[in-house]
Amino acid sequence: MSNDLSRFLMSRRRFGALAGAFGLAVGFAPTLISRAFAQAKETADKIIHGKSPELIIHNAKLGVTETPLELLRKHKHTPKEILFSRYHYPHEGNAAWYATTAAPPAELVKNWSIRVDGLVKRPRTVTIADLQAMPQEQRVAVLQCAGNGRSFYAAKQKVAGGQWQNGGMGNVVWEGVPLKPFLKGLEMEPSPAARWLTAEGWDQPATRVGTDFAKSYRLDDEALDHAILALKMNGEPIPAIHGGPVRLIIPGFYGNMNVKLLTVLMLAAEQSPSTYQSMAYRMPLVPVEPGTFGANDYTLENSRPTYGQAIKSVIFSPLPSDSPKSGMVEITGVAFNDGMAPITSVEVSADGGKSWHMAKIETPESPWAWHHWSVKTRIGAGEQTLMSRATDALGRTQPINGLARWNPRGYEWNGVERSAVKFA
Amino acid sequence: MMHQRRHRSRLFTRAGGVILAAMLPSAAAAAEIELPPGPNRDLVYGTCRTCHDLQYLKDSAGIPKNAWSDLLDSMKQYGLRIPPDRRTKILDYLGTYLGPNPPPAPTQAAVESTTAKVDGKTLFNEQCSSCHQPNGAGLPGNFPPLSGNRDLMLNRLFPAYVVINGLQGKITVKGKEYNGVMPSFAHLSDAEIAAVIEYVRKSWGNDALRPADMAPLDAAAVAKVRTTPKTPDEVHAYRASLKSSR
């Protein structure tokens with residue numbers, strides 16, 4: 001092919017134009033650019049209006065971004081500008097409106113409706129105005145991508161998909177209409193055969209043959225007792241990129257379970273056939289090994305959806321980028337779980353697990369919120385492995401070997417936190 | 001019953017979205033991501049970007065071939081439709097060049113020697129059909145049709161600008177509105193771009209739309225288009241200027 005050179009020149013021009021805008025020096029050689037997976041420097045604010053340019057991008061076309069811990073730790077409640085985001089379909093064409101941290105446009109909100117239907121005598125349609133007129137409650141809860149920490153599974157066998165570190169989470173104040181009283185108040189007379197609640201959003205796959213996004217929950221799951229149809233996030237209308245005008249929030253559940261752009265609630269005898277319920281976002285019931293259990297081997301019998309969050313802790317300070325000094329050091333971080341039992345301890349090690357110190361845990365804002373913890377200890381110069389391990393009243397704790405929970409889609413990482421930090 | 005109801009409510013709210021989309025500036029197109037050169041890389045470019053950009057592939061580099069195979073299978077549920085022979089070629093590329101032990105970057109000559117003969121129809125099926133559909137009919141609302149699409153004949157070079165640079169922004173094709181992002185296909189050679197555009201211009205009755213004096217595109221003409229790169233937004237503006245001057 002005679003024009004490979006022009007092809008590379010094309011790449012260089014594109015790269016140069018974009019990189020130049022960000023003040024980057026651009027070196028160029030065809031082999032170098034290929035080997036290095038050359039990529040023009042895209043920033044999150046260019047993909048989603050209002051997002052911080054400092055976010056990590058996992059997929060520009062789908063608006064998938066992660067928060068660096070340096071930003072995340074600055075805020076008690078994670079602001080919309082830095083909260084991680086993850087959609088499953090491109091925000092293009094008719095869906096371009098939700099690529100922003102602004103609230104959805106007023107006309108859209110005015111015309112928005114939620115269909116409540118299924119095995120009921122009287123199906124209902126509810127508007128945002130209807131919801132706004134109902135009593136509202138607040139839930140402070142950790143929103144966390146089920147894939148948060150996926151990159152750590154690579155120590156056993158790399159898992160395909162966005163290589164999330166620890167920043168696919170945030171501590172968020174939600175406000176809205178409690179789900180159970182809402183359903184009861186509609187007086188729909190559901191059939192006793194209705195055992196599942198399915199939630200669907202407005203967003204649609206890129207092609208017609210793609211599976212629609214839907215999530216199903218057991219109606220008798222006690223987590224639903226705390227669920228709300230949220231209209232506000234951090235005190236203002238939910239940003240479009242985070243699922244406004246209305247998002248189902250089930251405190252303690254992984255992010256994907258909190259259906260954005262809610263348009264349908266269905267009461268049914270069975271769970272949704274959507275691939276997002278039946279195959280994606282699931283965990284095997286027993287430990288599996290790479291090569292013996294593949295990404296399409298999930299069944300309703302051998303796996304479960306990624307419902308409640310596995311107990312987890314993350315070290316916020318010191319981070320490797322802090323370049324801390326040796327001596328007496330305060331180690332801080334957060335812990336959280338599914339909210340079903342209080343977190344009773346966070347143990348911290350500054351010597352790779354040889355010795356452990358009990359951290360002091362602050363009273364959390366809610367059972368589902370970040371539990372801030374801190375501990376002071378003497379740390380010598382050089383590179384040290386900081387570790388943290390949370391345990392709750394049910395005895396649930398973070399596995400020392402998080403790789404034991406390896407799974408082919410890379411969900412629910414909650415291994416004991418390890419962070420190599422160099423002390424001066 | 002369930003499906004019908006759901007569909008109706010979706011159309012209803014979508015209608016609101018169509019009007020309102022114009023009020024927001026469209027998000028910037030994803031920057032082009034380059035994968036390591038190797039045989040059949042073009043197939044990956046022509047297939048995977050329908051639904052997501054290539055960063056997922058780049059970031060997944062290093063997983064074993066069987067995991068790539070599983071991934072291709074799971075993509076079926078998200079809408080991937082490819083014939084078995086193309087699947088095999090794509091899997092060979094992914095398992096080799098994005099596998100655990102990728103070979104060193106091939107020389108320019110090695111990449112060139114693997115390039116198949118230039119055939120417009122094959123190229124169309126491999127590079128364009130996952131969005132525009134094998135019959136050129138597109139998907140209303142998502143991907144504009146190429147059959148009966150008068151943009152193909154705006155001038156001799158216009159389609160080459162679209163293929164090389166991509167196109168972003170609201171357009172109306174055969175009475176339907178589209179507001180998507182077409183990525184750049186600059187990875188194709190000049191001869192390939194000329195061949196695929198001429199294939200589209202001759203297919204599905206499109207030849208009836210062609211002005212009698214429009215000369216066929218050739219590699220040299222495409223090469224010229226390549227020397228004046230535009231952003232996808234600029235291609236959109238260029239289209240508008242051609243439309244208004246007609």
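The values are calculated or read from the model by the stated rules, or taken from the named source; none is laboratory data. Model, not experiment: these values are computed from the prediction. Note that each Cβ is placed from the backbone with ideal geometry, even for glycine, and that neighbours are counted across all protein chains shown. When the accessible area is computed, the model is the full protein with side chains, heavy atoms only, and any ligands, DNA or RNA have been set aside. Shrake-Rupley method; radii C 1.70, N 1.55, O 1.52, S 1.80 Å.
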Once A and B are treated as a pair rather than alone, how much accessible area drops out, both sides summed, in Å² to 100, probe 1.4 Å? 6700 Å²
Gain in span if fully extended, A:E236 to A:T385, counting 0.36 nm per residue against the direct Cα distance: 49.6 nm
Return the distance in nm (one decimal) between the two label points of a simple spin-label model at B:K121 and A:A193, each offset 7 Å from Cα along Cα→Cβ. 5.1 nm
For every helix of n ≥ 4 consecutive DSSP H residues, a contribution of -39,500 (n - 2.57) applies; sum these over chain A, divide by its total residues, and give [θ] at 222 nm rounded to the nearest 500 deg cm²/dmol. -3000 deg cm²/dmol
In region A:285-424, how many lysine pairs have Cα atoms under 21 Å apart, counting only pairs 8 or more places apart or on different chains? 10
Provide the FRET efficiency to the nearest 0.05 for the A:K184-A:T344 pair, computing r from the beta carbons and using R0 = 45 Å. 0.85
Identify all lysines with a Cα-Cα distance to B:K58 below 28 Å; exclude those on the same chain that are fewer than 8 residues away in sequence. A:K41, A:K46, A:K51, A:K61, A:K80, A:K156, A:K158, A:K260, B:K76, B:K89, B:K117, B:K230
Gain in length, A:T125 to A:K74, computed as 0.36 nm per residue apart minus the alpha-carbon separation, to one decimal in nm? 14.3 nm
To make sure I understand the rule: partners must be aspartates and glutamates, Cα under 13 Å from the Cα of B:K65, and not fewer than 8 residues away in the same chain. Which ones qualify? B:D73, B:D92
Among chymotrypsin sites (Phe, Trp or Tyr not before Pro) in region B:152-246, those in a DSSP loop whose Cβ has at most 16 other Cβ atoms within 10 Å are B:W204
Label the protein assembly as shown by shape, choosing from rounded, prolate and oblate, from the square roots a ≥ b ≥ c of the eigenvalues of the Cα gyration tensor; if a/c is under 1.5 it is rounded, and otherwise prolate applies when a/b is larger than b/c, oblate when it is not. oblate
Among A:K76, A:K232, A:K260, which one shows the highest mean-square fluctuation when chain A is modelled as a Gaussian network with alpha-carbon springs under 10 Å? A:K76
For A:K232, give me every one of the aspartates and glutamates with a C-alpha distance below 20 angstrom, ignoring sequence neighbours fewer than eight places off in its own chain. A:E81, A:E107, A:D130, A:E137, A:E175, A:E200, A:D203, A:E365
